[in-house]
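The values are calculated or read from the model by the stated rules, or taken from the named source; none is laboratory data. If you're wondering where the values come from, they're calculated on a predicted model, not measured in any experiment. Using ideal geometry, Cβ is built from the backbone for each residue, glycine included, and neighbour counts are taken over all protein chains shown. All accessible areas refer to the heavy atoms of the entire protein, side chains included, with ligands and DNA or RNA removed. Shrake-Rupley method; radii C 1.70, N 1.55, O 1.52, S 1.80 Å.
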Amino acid sequence: MSDKATLEINGEKYEFPLITGSENEVAIDVKALRGATGGVITIDPGYKNTGSCESAITFLDGEKGILRYRGYSIEELAEKADFLEVAYLLIFGELPNQEELDKFHEDIKSHAIVDDDIKKILDAFPKSAHPMGVLASLTSALTAFNPTSVDVNSDEDMYNAIVRILGKFPVLVAWAMRKKHGLPLDYGDNSLGYVENVLKMMFKNPTSDYEQNPILVNALDKLLILHADHEQNCSTSTVRITGSSHAGLFVSLAAGISALWGPLHGGANQAVLEMLEAIREDGGDTKKYMAKAKDKSDPFRLMGFGHRVYKNFDPRAKIIKVAADEVLGDLGVEDPILDIAKGLEKEALEDQYFVDRKLYPNVDFYSGIIYRAMGIPTEMFTVMFALGRLPGWIAQWREMRLRKEPIGRPRQLYTGETYRPFKSIDKR
Ligand code: ACO
């Protein structure tokens with residue numbers, strides 16, 4: 001294959017280098033396009049054909065259902081590693097040895113309190129506030145309480161900022177939920193593992209001890225690993241582009257949280273449960289909703305089915321389905337919503353419409369089911385996604401800063417009015 005792409009504009013030929021990634025993906029390097037052509041740009045709304053960066057963090061092949069973090073398959077990581085090891089791997093590039101992992105965890109724990117004044121900000125929110133809005137605001141507010149800027153040329157500074165946010169973020173996650181439920185805003189328990197501590201902070205009742213359930217710990221650990229990175233998705237691109245102006249880590253993360261909130265991105269897991277609730281309220285007739293999903297004159301879609309990138313299967317969904325079965329079995333959950341979910345899953349997997357279009361349950365379908373069975377309120381589902389995605393956002397922000405990427409500033413094709421003289425108000 002040639003190592004150049006040729007572009008012809010008005011009879012004039014321009015050559016651009018081809019760049020090949022480590023998995024043989026090919027990109028046309030158009031960095032010189034505008035200068036060489038005297039102003040011609042590419043246009044690609046939604047960036048479906050545009051690589052915004054080179055990255056060594058996550059590899060994804062949607063056709064083959066492959067997802068790897070730093071070269072390790074998601075299947076092996078979910079089975080053999082825990083969330084903190086995966087966080088370290090994503091951020092620093094290698095799996096930690098025991099000493100590195102212990103130090104990482106100790107350093108995170110040393111930052112596991114937030115300034116108590118953050119509670120005053122939380123108090124100002126109405127109970128009805130969506131926890132994603134609360135989480136974005138509090139993450140941003142952390143900047144005010146930890147104002148030292150990160151010198152990205154100092155490994156120590158960078159490391160300290162990273163362990164600081166990994167320590168404080170679970171507290172904010174737990175508080176966003178507890179505030180809504182009128183529960184006291186406690187801190188965690190540093191004798192516990194990262195995930196156990198998250199569960200205890202969220203669910204501890206003031207009048208009794210919290211008992212860990214290893215099945216739930218394992219399921220949450222896996223869910224967080226599966227959500228930890230997904231290359232240049234909407235929220236990750238937001239974190240990178242925000243950080244590219246040299247805005248700090250915490251506010252870049254707050255921007256990512258806002259981007260994740262939407263129902264087309266992280267908000268889909270909430271949408272799945274809302275759909276299941278709506279089906280139950282309408283009598284629980286799954287066949288009716290299967291028919292609606294297939295009816296082209298009906299805008300209804302089965303939430304939690306299909307994926308923009310994965311067209312054969314979502315490798316994350318395969319793993320999490322096993323955990324979902326385990327959790328439901330272990331907890332002996334009897335819940336009409338979960339029965340509807342199982343019914344829909346079975347019908348869709350056997351239905352020709354879904355088989356022909358390669359529409360399979362995605363990770364959001366099963367994550368919603370597990371979260372529901374764990375007793376996590378629907379509005380918190382996207383917050384749990386953010387907790388899982390945190391290491392990915394940090395890793396991508398760090399990579400962007402270390403590579404000294406330029407400020408993200410896309411061009412546009414202007415389609416508005418050409419010059420016109422000002423019209424005075426009496427003539428409009
Ligand atoms: N229910 C019914 N039909 C569907 C569904 C669905 N969930 N998803 C796709 N289809 C159909 C489309 O109508 C289309 O049919 P046609 O070929 O007869 O016109 C065909 O399948 C292809 O669909 P597209 O919309 O072209 O697929 P696209 O890749 O653009 O969309 C998407 C992917 C947005 C995820 C879509 O499948 C969908 O809306 N799913 C439900 C929402 C959801 O679960 N989102 C979460 C994604 S996972 C994540 O973000 C972490």
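Some notes on this structure:
- Pairs with Cβ under 7 Å, 6+ apart, first in the stretch 4-32 and polar (S, T, N, Q), second assigned to a loop (DSSP other than H, G, I, E, B): none
- Residue list for the stretch 103-128, filter: free of Cβ contacts under 8 Å to residues at least 24 places away in the same chain and either surrounded by 12 or more Cβ atoms within 10 Å (Cβ to Cβ) or part of a loop (DSSP other than H, G, I, E, B) (or both): LYS103, ASP116, ILE121, ALA124, PRO126, SER128
- Residue within the stretch 271-291 that is more than 27 Å from GLU63 (Cα to Cα) and either aromatic (Phe, Trp, Tyr) or within 15 Å of the chain's Cα centre (by Cα) (or both) present: yes
- Residue in the stretch 347-359 that is open to solvent by 10 Å² or more (accessible area, probe 1.4 Å), closer than 21 Å to GLN270 by Cα and either in contact with a helix residue (DSSP H, G or I) (Cβ under 6 Å, 6 or more places away or on another chain) or not hydrophobic (A, V, I, L, M, F, W, C) (or both) present: no
- The one condition in (1) modelled with pLDDT under 85; (2) outside any loop (DSSP other than H, G, I, E, B) that ASN312 fails to fulfil: (2)
- The stretch 293-315 - residue that is more than 9 Å from the ligand (Cβ to nearest atom) and farther than 22 Å from ARG68 by Cα and, of those, surrounded by the fewest Cβ atoms within 10 Å (Cβ to Cβ): SER297
- Check on TYR371, open to solvent by 10 Å² or more (accessible area, probe 1.4 Å) and under 24 Å from the mean Cα position of the chain (by Cα): no
- For the stretch 206-228, residues that are farther than 30 Å from TYR69 by Cα and hydrophobic (A, V, I, L, M, F, W, C) total 0.
- Residue in the stretch 156-163 that is open to solvent by less than 50 Å² (accessible area, probe 1.4 Å) and either over 21 Å from LEU253 (Cα atoms) or in a loop (DSSP other than H, G, I, E, B) (or both) present: no
- Tally, over the stretch 360-380, of residues that are in contact with a Ser or Thr (Cβ under 9 Å, 6 or more places away or on another chain) and within 15 Å of the ligand (Cβ to nearest atom): 2
One line per residue, one yes/no per condition, for (1) within 16 Å of the ligand (Cβ to nearest atom); (2) in contact with a strand residue (DSSP E or B) (Cβ under 9 Å, 6 or more places away or on another chain); (3) within 24 Å of ASN233 (Cβ to Cβ):
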position	(1), (2), (3)
VAL327	no, no, no
GLU345	yes, yes, no
LYS358	yes, no, yes
PRO391	no, no, yes
ARG401	no, no, yes
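- Within the stretch 236-263, the set of residues being within 12 Å of the ligand (Cβ to nearest atom) and without any contact (Cβ under 8 Å) to a residue 24 or more places away in the chain comprises PRO263 only.
- Which numbered condition GLU274 fails, given (1) part of a helix (DSSP H, G or I); (2) more than 16 Å from the ligand (Cβ to nearest atom): (2)
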